[in-house]
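The values are calculated or read from the model by the stated rules, or taken from the named source; none is laboratory data. Just so it is clear, the model here is predicted, and its values are computed rather than measured. Cβ placement follows ideal geometry from the backbone for every residue including glycine, while neighbour counts extend to all protein chains displayed. Note: areas computed on protein heavy atoms with side chains; ligands, DNA, RNA excluded. Shrake-Rupley method; radii C 1.70, N 1.55, O 1.52, S 1.80 Å.
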Amino acid sequence: MTSERENPQTLSALDRPNSYIGKTVPRPNLDRLMQGRGLYVSDIELPRMAHAVFLRSPHAHARIVGIETSAAKQMPGVIAVVSGRELSTVVTPWVGVLSHLKGLKSAPQSAIAVDRVCWQGEAVAAVVAASRAQAEDAAEHVLVKYEELHAVTDMRTALDPATPVIHASLGDNLAFERIHDAGAVDLAFAESDEVVEAEFVFGRHTGVTLEPRAVVADWNAAEARLTIYQGTQAPHMVQNIAALHLCLKESQVRVVCKDVGGSFGIKVHIYADEMATYALSKLLRRPVKFVADRVESFNTDIHARDHRCKGKIGVKRDGTIMAFEIDDLTGIGPYSMYPRTSAIEANQVVNLVGGPYVTGNYRARARVVFQNKNVMCQYRAVGHPIACSVTEGLVDLAAMKIAMDPVEIRRRNLIADDAYPCASPSGLRFERLSHHAALAKLVQMMDYDALRAEQAALRVKNIHRGIGIASFIEVTNPSAAFYGVGGAKISSQDGVAVRLDAQGSVICQTSITEQGQGSESLTAQIVGSVLGVSMDRVRVMLGDTDNTPYGGGTWASRGAGIGGEAALQATKVLRKNVLDVASAILQSVPGELDIVNNAVVNVVDGAPRIDLSELARIVYFRPDTLPPGVQPELMATRHFVPREYPFAFTNGVQASWLELDLDTGFVKLLKHWVVEDCGTIINPQLVDEQIRGGVVQGLGAALFEKCVYDERGQLTNANMADYLVPMSGEMPDIDVGHVVSPTLESELGAKGAGEAGTAGAAAAVTNAVNDALRPFGTIITEIPLTPQVILTALRRI
Amino acid sequence: MKASAFAYARATSVANALEMLTTYGERAKVLSGGQSLLPAMNLRLVAPELIVDIGELTELRGVAVKGEVLTIGALTRHADLLKSREVAAHAPLLKDAVAHIAHPAIRNRGTIGGSLAHADPASELPACMLTLGATIIARGPGGERRIAANEFFVGIYETALTPQELLVAVELPVTPKNSTHFFHEFARRHGDYAIVGLAAQASIRDGRFADLRLGFFAVGDRPLLAESASKLVDVAITPAVLIEAASALDDELDPLEDQQATPAMRRHLAKVLLARCVSLLLARPDLGAGAPA
């Protein structure tokens, strides 16, 4: 694998000697994790800790007639068996709506179901015992009598008058609808030379984290304080919600988030079983641990992407795209997820379709319906893969119709690189994107013309390969526009505190979190570079609401762009404060001094003047030697949130090169390319691996991953043998290149990179498969592209 | 996902294992490599009262050649088969097949005896036993029993073994010098259970099959030694002959539906495999493209 890189040349505070910015440096937490000294929630053992197991509904929709717990309570090791009704005395229900998503409705959801279960896997009782095994043994003896109700499973008929309404109080099964109409769509279609329509179908899938969801809740009755150890992306959000529903003050809740084995958006939500675990600890006045097993993960971790989207594109014979129109339908399970809601993905689809292109004519409808399946919510690249697959699928279909090369039609329609700032037809504001530079770079990296020649030569030998291109835009660095304006107490700002300790090392506390993507590393790189100290002197602390500034955490590609800027600004203040003290000690002026390699030096000749350790010694132990009136402040805190733009959009383009076996329907991925523009790159390796990891999750959606439900709402492949995650054996080499357009909203200039890979990978693969299928008169617009789907399309079976 | 409580005994000898199996019968399960049993127990799909761990019975491990017979102990691990010089020399088909079994971590623990006794119709080794004409050797309270492979597999996870019997070894006739083989399976990902697979062994004389044994798997409730292979023996293979054999094969298949494939897709893929196998073994690229209709 190779990686095309460019070092940003536009930095100010960062463009200093020995800067770590733009450099691949080893992650500070690697040794700890590699030596098995990580601390995941499962590793945490507390005195008197009990284990919770949830008895889960085998039915997709049923009334709970009765729960008989007496036999289970007699089982060895059992501490308590708790029903939803009993737990409701400790924890209040919630409703997953946001006020800025107009009309979004949902029903109250309880930590453990009361009276009625609404999906297969919803908890009906908790068994708390001395060990997980004992709790599972006892759970087999809890007898629940159900009266099965009609399960609403097919999103296409969920709104039919004949379909029962899941929550009678809501009146119907429609959770949310958004309609958008911009420009003159009807006229544009009328003036088009060709109009192409297709229905795009996306399989429901999930984000499979290596470490399942896990929580230890420890209610300390003596302190009247709850400590929650949880693998979460947003500790302060968890603190707020736990306090709200357990009727505590936020100061009574501490959330500690140590090492996390992958999140991908799965761990940014509030799950009923986690709320139940907090409540069980309060009820039983002892620590309670819940670790989801793999079957529970498949049945209760949020699912995503279950969309059916009709799309329409109008195009002139010269390749001009005249208009896009979509009608998107998605089924989200029985409740809108809390607190971020399950309307965001459909809303994003409406926002993002057509986003890379010039045309201002765009009409969209998105409908979000309830159904009796597991809840759906935000998973990596929320909405992007749907929007990208629909947009790029339509663009390719249009190109095919007018016999234009897929690269050429994009060249003619992508927003020009000098057209910024500008806005999309859905109203998104773009500060600066680089579609054409990215496409040019991609074409060069993949040697597009040579690949087309190879493709043609192989066709003759009955070898059918395809090339697929997908341009995309990516939402990163979200401001309060994402959740805050809708009333959710999810912070969009982040804070960082840095302080110089008594030996000249730095302790940095940040409100962003680390789940494996390198937040700790990028923070240390920024702090080290800005201050002028080596990274090994910087210790970064994250994931503890008692010990970090208040902030949003790490999700929606915000850690580097927002948390990183807070780190930069805090460190600039610390640096100034250090230089002020140094100039007092050295009888110099701050402007003549700098900090390089852990020492204060002369700006002019770089000569070392005083080591930071010596400066710290004087400040902390001999302040009496400082001039009168000098009060050193060797700790600084700064917060940051973007204010000018609601989101820092990034852009990029992907390409897939694959081979299709016409006899078997198997797709072999041969190569994948990505060029993206996330602004300033802090650590090229971390960015590239974010991109690759994202691509792999997109390729999983394209070829493998699907939660298979039967018509009764039973998830039939809730295990790692039947639910196919993408594995290295099937993955192609992924070449990553960058264009760098820093955002001017921050001094750091970094935008996010977490969604880019996932956003466009499936679209590129689908377009490549259709390119390979071109001589056979069939088009597939459904993922995953299984051999069954392909053979059926080819009418081989 | 924890197994329900069970008793555990490590067998000290085959006789000791058989004593326990005799006492407990169906309430006991034999633990060999544990690659199928333990997940099933953790999912609480099975809840044996007693686990009889035969892992220490070293006399059941290893590969030996005696005259024209290759004997493989039941406890021989997949990884050992892959490395065995005897297997490479005398049953090369088996070596090719084992490379398709799951992943290295599983091959390091899983055993041939465990795989055969488990009798998953989608697994590789049962089909190889049919193709290679193996004899399965079981010991029970009444002594040793030799079971022909084609009588051993009787259904999904079902074999001719009684609960009191222990599979101790398999015997394979040494592959003749002029023999050749083919192994391939279609699986969604490397290491997954096959959607359809074929283990074939053949002798070729003057461009024709003198002998052809086709062991299909994942095409029914047990591996299938296709009788339609006979349509391809001692004849000049033309596309028409291949089509006739494929049609005969179709009649023999009774594929199941699962999440990866419908029965129709399995029938189609079995015919694709047949064509590719014949094409490759006879070095006739003209026969390999597409599935014979």
Report, ordered by the first and then the second residue, all pairs with beta carbons closer than 9 Å, sequence separation of six or more or different chains, a first member in the stretch A:727-739 that is touching a residue at least 40 places away in the same chain (Cβ under 8 Å) and within 14 Å of chain B (Cβ to nearest Cβ), and a second member that is charged (D, E, K, R) and part of a helix (DSSP H, G or I).
A:Met731/A:Arg692
Among the residues of the stretch A:758-795, write down those that are hydroxyl-bearing (Ser, Thr, Tyr) and either open to solvent by 10 Å² or more (accessible area, probe 1.4 Å) or not assigned by TED's automatic domain parsing to the domain that holds A:Glu676 (or both).
A:Thr766, A:Thr778, A:Thr781, A:Thr786, A:Thr792
Which condition does A:Asn683 not pass, out of (1) open to solvent by less than 40 Å² (accessible area, probe 1.4 Å); (2) among the polar types (S, T, N, Q); (3) within 14 Å of chain B (Cβ to nearest Cβ), if it passes all the others?
(3)
Scanning the stretch A:715-726 for residues that are open to solvent by 30 Å² or more (accessible area, probe 1.4 Å) and in contact (Cβ under 8 Å) with a residue 40 or more places away in the chain, the one farthest from A:Val152 (Cα to Cα) turns out to be A:Met720
Out of (1) within 14 Å of another protein chain (Cβ to nearest Cβ); (2) at pLDDT 95 or above, the one B:Glu227 does not meet is (1)
Would you say B:Lys231 is of a type in the set (Lys, Arg), open to solvent by 20 Å² or more (accessible area, probe 1.4 Å), without any contact (Cβ under 8 Å) to a residue 24 or more places away in the chain and not assigned by TED's automatic domain parsing to the domain that holds B:Tyr157?
yes
Name the single residue that is farthest from A:Ile79 (Cα to Cα) among those in the stretch A:107-134 being within 14 Å of another protein chain (Cβ to nearest Cβ) and in a strand (DSSP E or B).
A:Val127
Apart from one, (1) open to solvent by 10 Å² or more (accessible area, probe 1.4 Å); (2) within 38 Å of the chain's Cα centre (by Cα) all hold for A:Ile562; the odd one out is (1)
Filter the stretch A:279-315 down to the residues that are under 28 Å from B:Lys2 (Cα atoms) and in contact with a His (Cβ under 7 Å, 6 or more places away or on another chain), then identify the one that is farthest from the other protein chains (Cβ to nearest Cβ).
A:Ile302
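Conditions (1) under 26 Å from A:Ser519 (Cα atoms); (2) touching a Ser or Thr at 6+ places or on another chain (Cβ under 6 Å); (3) at pLDDT 95 or above, marked per residue:
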{"position": "A:Asn7", "(1), (2), (3)": "yes, no, no"}
{"position": "A:Ile21", "(1), (2), (3)": "yes, yes, no"}
{"position": "A:Leu33", "(1), (2), (3)": "yes, no, no"}
{"position": "A:Leu46", "(1), (2), (3)": "no, no, yes"}
{"position": "A:Met49", "(1), (2), (3)": "no, no, yes"}
{"position": "A:Ala60", "(1), (2), (3)": "no, no, yes"}
{"position": "A:Ser70", "(1), (2), (3)": "no, no, yes"}
{"position": "A:Glu86", "(1), (2), (3)": "no, no, yes"}
{"position": "A:Thr89", "(1), (2), (3)": "no, no, yes"}
Could you tell me which residue of the stretch A:402-421 is farthest from the chain's Cα centre (by Cα), considering only residues that are within 30 Å of A:Ala456 (Cα to Cα) and open to solvent by 30 Å² or more (accessible area, probe 1.4 Å)?
A:Ala403
The stretch A:376-430, residues that are out of contact with any His (no Cβ under 7 Å at 6 or more places or on another chain), within 30 Å of A:Gly713 (Cβ to Cβ) and part of a loop (DSSP other than H, G, I, E, B):
A:Gln378, A:Tyr379, A:Arg380, A:Ala381, A:Val382, A:Gly383
Taking A:Arg692 and the conditions (1) within 14 Å of another protein chain (Cβ to nearest Cβ); (2) modelled with pLDDT of 95 or more, which numbered condition does it fall short on, given that it satisfies the others?
(1)
Can we say B:Gly110 is open to solvent by less than 40 Å² (accessible area, probe 1.4 Å), under 22 Å from B:Cys128 (Cα atoms) and either touching a Cys at 6+ places or on another chain (Cβ under 8 Å) or not assigned by TED's automatic domain parsing to the domain that holds B:Leu166 (or both)?
no
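Whether any residue in the stretch A:671-679 is surrounded by 20 or more Cβ atoms within 10 Å (Cβ to Cβ) and over 27 Å from A:Thr476 (Cβ atoms) is what I want to check. Don't jump to the end; show me each part of the working.
Keep residues of the stretch A:671-679 that are surrounded by 20 or more Cβ atoms within 10 Å (Cβ to Cβ), which gives A:672-679.
Retained after the next criterion (residues that are over 27 Å from A:Thr476 (Cβ atoms)): none.
Within the stretch A:671-679, not a single residue is surrounded by 20 or more Cβ atoms within 10 Å (Cβ to Cβ) and over 27 Å from A:Thr476 (Cβ atoms).
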For the stretch B:1-58, enumerate the residues that are open to solvent by less than 20 Å² (accessible area, probe 1.4 Å) and within 14 Å of chain A (Cβ to nearest Cβ).
B:Met41
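Being among the small types (Gly, Ala, Ser) and either more than 19 Å from A:Ser505 (Cβ to Cβ) or open to solvent by less than 20 Å² (accessible area, probe 1.4 Å) (or both) is the filter here; which residues of the stretch A:607-633 pass it? Full working, then the answer.
As a first pass, look at the stretch A:607-633 and keep what is among the small types (Gly, Ala, Ser): A:607, A:613, A:616, A:629.
A:Ala607, A:Ala616, A:Gly629 - these are the residues of the stretch A:607-633 that are among the small types (Gly, Ala, Ser) and either more than 19 Å from A:Ser505 (Cβ to Cβ) or open to solvent by less than 20 Å² (accessible area, probe 1.4 Å) (or both).
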Selection from the stretch A:65-96 of residues part of a loop (DSSP other than H, G, I, E, B) and crowded, with 21+ Cβ neighbours inside 10 Å yields A:Thr69, A:Val90, A:Val91, A:Gly96
Report whether or not A:Glu745 is within 13 Å of another protein chain (Cβ to nearest Cβ) and open to solvent by 10 Å² or more (accessible area, probe 1.4 Å).
no
Sole residue being modelled with pLDDT of 95 or more, within 26 Å of A:Ala184 (Cβ to Cβ), buried (at least 19 other Cβ atoms within 10 Å of the Cβ) and of a type outside the set (A, V, I, L, M), chosen from A:Asn351, A:Asn372
A:Asn351
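Looking only at the stretch A:178-191, filter to residues that are out of contact with any helix residue (DSSP H, G or I) (no Cβ under 9 Å at 6 or more places or on another chain) and not in a helix (DSSP H, G or I); which one of those is least open to solvent (accessible area, probe 1.4 Å)?
For the stretch A:178-191, the residue satisfying everything is A:Ala182.
Determine whether the stretch A:154-167 contains at least one residue that is within 16 Å of A:Ser336 (Cα to Cα), out of contact with any helix residue (DSSP H, G or I) (no Cβ under 9 Å at 6 or more places or on another chain) and open to solvent by 50 Å² or more (accessible area, probe 1.4 Å).
Going residue by residue through the stretch A:154-167, those that are within 16 Å of A:Ser336 (Cα to Cα) are A:155, A:158, A:165-167.
Imposing the further condition that a residue be out of contact with any helix residue (DSSP H, G or I) (no Cβ under 9 Å at 6 or more places or on another chain) reduces the set to A:155, A:158, A:165-167.
Now drop any that are not open to solvent by 50 Å² or more (accessible area, probe 1.4 Å), which leaves A:165.
Yes: the stretch A:154-167 contains one or more residues that are within 16 Å of A:Ser336 (Cα to Cα), out of contact with any helix residue (DSSP H, G or I) (no Cβ under 9 Å at 6 or more places or on another chain) and open to solvent by 50 Å² or more (accessible area, probe 1.4 Å).
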Listed by range, strands (runs of 3 or more DSSP E) wholly within the stretch A:635-715 having at least 1 residues that are within 25 Å of A:Arg305 (Cα to Cα), touching a Ser or Thr at 6+ places or on another chain (Cβ under 8 Å) and in the same structural domain as A:Gly427 (by TED's automatic domain parsing) are A:648-660, A:667-677
Can you tell which of B:Ala194, B:Ala134, B:Ala149, B:Ala187 is under 25 Å from A:Gln788 (Cβ atoms) and either among the acidic types (Asp, Glu) or under 13 Å from the mean Cα position of the chain (by Cα) (or both)?
B:Ala194
Subset of the stretch A:447-475 (residues that are crowded, with 22+ Cβ neighbours inside 10 Å, more than 25 Å from A:Asp418 (Cα to Cα) and among the hydrophobic types (A, V, I, L, M, F, W, C))
A:Ile467
Could you tell me which numbered condition A:Met275 fails, if it satisfies all but one of (1) assigned to a helix (DSSP H, G or I); (2) in contact with a Pro (Cβ under 8 Å, 6 or more places away or on another chain); (3) within 24 Å of A:Phe298 (Cβ to Cβ)?
(2)
